[in-house]
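First, the structure itself, so that you have it in front of you.
The values are calculated or read from the model by the stated rules, or taken from the named source; none is laboratory data. In this text the structure is predicted, and so the values were computed from the model without any measurement. So basically every Cβ, Gly included, is an ideal-geometry build from the backbone, and we count neighbours across all protein chains shown.
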Amino acid sequence: MGITISYPANEAEWYAKGTLEGGAYFEVPAVFNLDGACDTAATDDKVQQLIFALSGKS
Amino acid sequence: MTGITCALAGSGGSPYNGSATVTVGYFAAGSFFSYGFETSIQGSILPTTWANTGFPIFQLKDVYSSGSPAWLAFTVTGSAPNSGWSTLTIGGTTLNRVDANYATDGTSTSWIFFGAPTVFGTTVGDTRSAVWA
């Protein structure tokens, strides 16, 4: 099972949401461009950061 | 008099609002080290359950990666929603829940605050109050 991500349509939606490898559900505050659209690449980086943190939480 | 009386724990507010006191412990593993609390690993926390939710608190700590502050981790055992509280204040530093990265796998739930100021210091045995509101 891979990572799935649903990006917010605008800042009001705030979170990128999805599932990680293994099925854990996540919500990450998205990164937005100046025009208000989600910066998907920067948001993907935040998801990777979360994965790193969860792997090293103990 | 007969009937059923229902009473909510606490003052009737959100079950996610409450406080705890952390006695700071230290733990290191690989390129990570941390100050704060983790069950059976470092420090202590009272109460051991989160507010009135019944979720045991698994960890609440500053994590350092490769020697630098990296994130603050708050994890409970169980599947908790990403709602019901707005802020977490530890030792005078307030963090907003909406800025946290949230993850749950059904057995544990974490809120990870990247870039948060360190709140537990580096002195083992110090205490910090944690307040969820």
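So the check is Cβ under 9 Å with 6+ separation or different chains; which pairs have a first residue in the stretch B:84-100 that's farther than 19 Å from residue B:15 by Cα and at pLDDT 95 or above and a second one that's among the aromatic types (Phe, Trp, Tyr) and surrounded by 14 or more Cβ atoms within 10 Å (Cβ to Cβ)?
B:99/B:113; B:99/B:114; B:100/B:74; B:100/B:111; B:100/B:113; B:100/B:114
In the set A:53, A:41, which member is part of a helix (DSSP H, G or I), free of Cβ contacts under 8 Å to residues at least 12 places away in the same chain, within 8 Å of chain B (Cβ to nearest Cβ) and among the small types (Gly, Ala, Ser)?
Values: A:41 fails: within 8 Å of chain B (Cβ to nearest Cβ).
From the options A:53, A:41, the qualifying one is A:53.
Which of the residues spanning the stretch B:110-127 are crowded, with 22+ Cβ neighbours inside 10 Å and closer than 19 Å to residue A:5 by Cβ?
B:110, B:111, B:112
Looking at the stretch B:39-49, is at least one residue in a strand (DSSP E or B), modelled with pLDDT of 95 or more, surrounded by 23 or more Cβ atoms within 10 Å (Cβ to Cβ) and within 14 Å of chain A (Cβ to nearest Cβ)? Walk me through how you get there before you give the answer.
Quick first cut of the stretch B:39-49, residues in a strand (DSSP E or B) only: B:42, B:44-46, B:49.
Okay, now just the ones that are also modelled with pLDDT of 95 or more, so B:42, B:44-46, B:49.
Now restrict to residues that are surrounded by 23 or more Cβ atoms within 10 Å (Cβ to Cβ): B:45.
With the extra rule that they be within 14 Å of chain A (Cβ to nearest Cβ), the set shrinks to none.
Looking for residues that are in a strand (DSSP E or B), modelled with pLDDT of 95 or more, surrounded by 23 or more Cβ atoms within 10 Å (Cβ to Cβ) and within 14 Å of chain A (Cβ to nearest Cβ), one finds none in the stretch B:39-49, hence no.
Return the residues of the stretch B:85-107 that are at the interface with chain A (Cβ under 10 Å from one of its Cβ atoms), surrounded by 14 or more Cβ atoms within 10 Å (Cβ to Cβ) and of a type in the set (Val, Ile, Thr); say none if nothing qualifies.
Within the stretch B:85-107, just B:104 meets the criteria.
Looking at A:18, A:36, A:22, which one is exposed (fewer than 14 other Cβ atoms within 10 Å of the Cβ), without any contact (Cβ under 8 Å) to a residue 40 or more places away in the chain, within 14 Å of chain B (Cβ to nearest Cβ) and out of contact with any His (no Cβ under 8 Å at 6 or more places or on another chain)? Step through it out loud before you land on a result.
Working: A:18 fails: exposed (fewer than 14 other Cβ atoms within 10 Å of the Cβ); A:36 fails: within 14 Å of chain B (Cβ to nearest Cβ).
A:22 is the lone residue from the list that is exposed (fewer than 14 other Cβ atoms within 10 Å of the Cβ), without any contact (Cβ under 8 Å) to a residue 40 or more places away in the chain, within 14 Å of chain B (Cβ to nearest Cβ) and out of contact with any His (no Cβ under 8 Å at 6 or more places or on another chain).
Test residue A:24 against the criterion of being more than 10 Å from the chain's Cα centre (by Cα) and under 19 Å from residue B:78 (Cα atoms), and give yes or no.
Values: more than 10 Å from the chain's Cα centre (by Cα): yes; under 19 Å from residue B:78 (Cα atoms): yes.
For residue A:24, the condition - more than 10 Å from the chain's Cα centre (by Cα) and under 19 Å from residue B:78 (Cα atoms) - is met.
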